[in-house]
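Beneath this line is the structure, given in structure tokens, with notes to follow.
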Amino acid sequence: MMDTDLTLGSYVTRAEQLYATTKIIERTRHGDRHTCYGDAIARARRLSAALHGLGIRAGDRVGTLCWNTVAHFECYLGIPAAAFVLHTLNFRLPVEDLRYVIDHADDQVVIVDAEHLSLLDKALDGISVVRHIVVVGPLPDALGANISRREVHSYAELLDTESTDYQWSDVAERSAAGLCYTSATTGRPKGIIYTHRSQVLHATTMCTADALAISGRDVILPMTPFFHANAWGLPYSATMTGATLILPGARPTSADIADLIEAHGVTVASGVPTVWTGVLEAQRERERDFSTLDRIMCGGSAIPRALADEFENRYGTLFIQAYGMTEASPCTHICRAPRAMADHPRNEQLDVRSTQGRLLPGLQMRLVNDDGNVIASGAGIGEIQMRGPWIADEYYRADAATNSVFRDGWYSTGDLATVDEHGFVSLVDRKKDLIKSGGEWISSVELENTLMGHDAVAEAAVVAVPHARWVERPFAFVALRAGAKASGEELCDHLRERFPAFWLPDEIRFVDAIPKTGAGKFAKRVMRDLLQAERSAIGRPQPSGSAV
């Protein structure tokens, strides 16, 4: 009995029995669409039957190119429950990368929102693996040449022809349930297989009290894209607990998000910091009632302290820093101030809450130096290595060189960090983003966090640029808040309060928005390439001095 397999299908079946009437609400351009778990799971069974009818069998990959919608949620349930593999496709990837992941994954079917058909048609150019296209929404009168060569189906019509009596068979817990690719900050995107066991354990852990504490009393708004690392596991955590699910639908604006929070009494939300910066701007234009919004899970980059302060002071909302990566399903650390700090000054609690947090139960972590030796907690900076039941042990169909980050049972993350005596991890930088100037290390992350602590700054990203004398120097891109003003000199004065002079950026460039990857992270490769192209175009020599 204790060896019963942990499978997503068993949790979906339980939700069908216990939470059939619990609401699921999707924002659409025509107003909110109301459904419930019972109806969504019935349609998930129809989807399983329909895919089986198209010739899909256990282990076959089914791609989804969709927004956070009810149909996509049905895919989250019906595809893995039928022993197929859910491959969520990132529609923000460059076309060539999207083409690569579809081909590399060997997707047999792609389920696609009608508005993404043009993108998919371009991505399918030159590849033949996809046999069926299933369109969510109205079928257009004309289809692209690459899509027309496949069998094209309407999602609604395909499901309407199937029965809700389709029964999910037993699945081995270590069989593949999902496939997600990294957003390719370097090189080609890399694929990660998630098993039923890893998905169940990750989603269950996220419900625990010292993680997100999700329960059936919650109303969850996942602003994390469904294509990004399982939307941080929230679709499955919601299904396990019967939490009300609010889905933002296609192209939500900051005002749309704020409206959803007020209209449906959202208690838990997720998303990268830029999402919540935009929501605050929408609140300044028209105040909504956020009294129910208890906590926001935030990841992708550090939470600007000014952002967390404003939410907490105005609405009593707690920002929870989450840390992880695609290779880890994705969450490995959650940051909550421990009970022992309840009486500590608020600034001390904020210092702790601005870290990446403490390791989730079931996982193991260590820091290693450049020689591979383990570093004790509090003894300095090292690279984070991870292992555990929802940590990957290889990249999908990758060569030995690519898989070299998995060694001796540990995954080397490429993140440099420190760990204090209480187990709180503080990220110093990515190994590839750390700046070495005149033999001294400069953390781009610390500079970014401090810049974003300035009242006028919405976003900031710092990259290294070549320097004739110092080898590398920091260069900052800054996006100001709407209506705010600040000079480079003012921001450097702000940085001087915390850092020595040699840490200050040689140049600060003000931009409308910071370039981002498909997952919402700062696209530092894009920024470095831009600066390199500018220097090459004008024959600019490497600087030997400092200027703002």
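The values are calculated or read from the model by the stated rules, or taken from the named source; none is laboratory data. Predicted model only: the values in this text are computed from it and were never measured. Here the Cβ positions follow ideal geometry from the backbone for every residue, glycine too, while neighbour counts run over all protein chains shown.
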Go through the stretch 368-393 and give me each residue that's loosely packed, with under 15 Cβ neighbours inside 10 Å and not in a loop (DSSP other than H, G, I, E, B).
Val374
Quick one: count up the residues across the stretch 471-503 that are at pLDDT 95 or above, within 30 Å of the chain's Cα centre (by Cα) and part of a loop (DSSP other than H, G, I, E, B).
0
Take the residues in the stretch 34-48 that are out of contact with any Ser or Thr (no Cβ under 9 Å at 6 or more places or on another chain) and touching a residue at least 60 places away in the same chain (Cβ under 8 Å); name whichever of them is surrounded by the fewest Cβ atoms within 10 Å (Cβ to Cβ).
Ser48
Limited to the stretch 289-312, what total is found for residues that are in a loop (DSSP other than H, G, I, E, B) and over 25 Å from Thr244 (Cα atoms)?
4
Name every residue in the stretch 222-249 that is touching a Pro at 6+ places or on another chain (Cβ under 7 Å) and aliphatic (A, V, I, L, M), in order of residue number.
Met223, Ala229, Ala231, Leu234
Is it true that some residue in the stretch 331-338 is part of a helix (DSSP H, G or I), within 23 Å of His228 (Cβ to Cβ) and under 21 Å from the mean Cα position of the chain (by Cα)?
no
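Taking the condition at pLDDT 95 or above and assigned to a loop (DSSP other than H, G, I, E, B), does Val110 pass? Break it down stepwise before answering.
Working: at pLDDT 95 or above: yes; assigned to a loop (DSSP other than H, G, I, E, B): no.
No: the conditions fail for Val110.
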What are the residues in the stretch 202-212 that are surrounded by fewer than 22 Cβ atoms within 10 Å (Cβ to Cβ) and in contact (Cβ under 8 Å) with a residue 12 or more places away in the chain, if any?
Thr204, Cys207, Thr208, Asp210
Which strands (runs of 3 or more DSSP E) sit wholly inside the stretch 1-92 and have at least 2 residues that are under 28 Å from His264 (Cα atoms)?
23-28, 31-36, 61-65
Just to be sure, is Leu504 touching a residue at least 12 places away in the same chain (Cβ under 8 Å) and either at positive phi or touching a Leu at 6+ places or on another chain (Cβ under 7 Å) (or both)?
yes
Sole exception among (1) farther than 28 Å from Asp393 by Cα; (2) crowded, with 16+ Cβ neighbours inside 10 Å; (3) modelled with pLDDT of 95 or more for Ala328, by number
(1)
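Hey, can you tell me all the residues within the stretch 511-538 that are in contact with a Ser or Thr (Cβ under 9 Å, 6 or more places away or on another chain) and either outside any helix (DSSP H, G or I) or charged (D, E, K, R) (or both)? Lay out the reasoning, then the answer.
Here is the first cut: in the stretch 511-538, the residues in contact with a Ser or Thr (Cβ under 9 Å, 6 or more places away or on another chain) are 513-514, 516-526.
If the condition is that a residue be in contact with a Ser or Thr (Cβ under 9 Å, 6 or more places away or on another chain) and either outside any helix (DSSP H, G or I) or charged (D, E, K, R) (or both), then Ala513, Ile514, Lys516, Thr517, Gly518, Ala519, Gly520, Lys521, Phe522, Ala523, Lys524, Arg525 are the ones that fit.
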Given the conditions (1) farther than 20 Å from Thr241 by Cβ; (2) hydrophobic (A, V, I, L, M, F, W, C); (3) surrounded by fewer than 23 Cβ atoms within 10 Å (Cβ to Cβ); (4) at pLDDT 95 or above, every one holds for Leu65 apart from (3)
Residue check, Asp529 closer than 27 Å to Lys190 by Cα, among the acidic types (Asp, Glu) and surrounded by fewer than 16 Cβ atoms within 10 Å (Cβ to Cβ):
yes
Looking only at the stretch 104-122, and only at residues there that are aliphatic (A, V, I, L, M) and touching a residue at least 40 places away in the same chain (Cβ under 8 Å), the one that is farthest from Cys66 (Cα to Cα)
Ala105
Considering only residues that are farther than 18 Å from Thr326 by Cα and either in contact (Cβ under 8 Å) with a residue 40 or more places away in the chain or in the same structural domain as Val526 (by TED's automatic domain parsing) (or both), which ones fall in the stretch 81-99?
Ala81, Ala82, Ala83
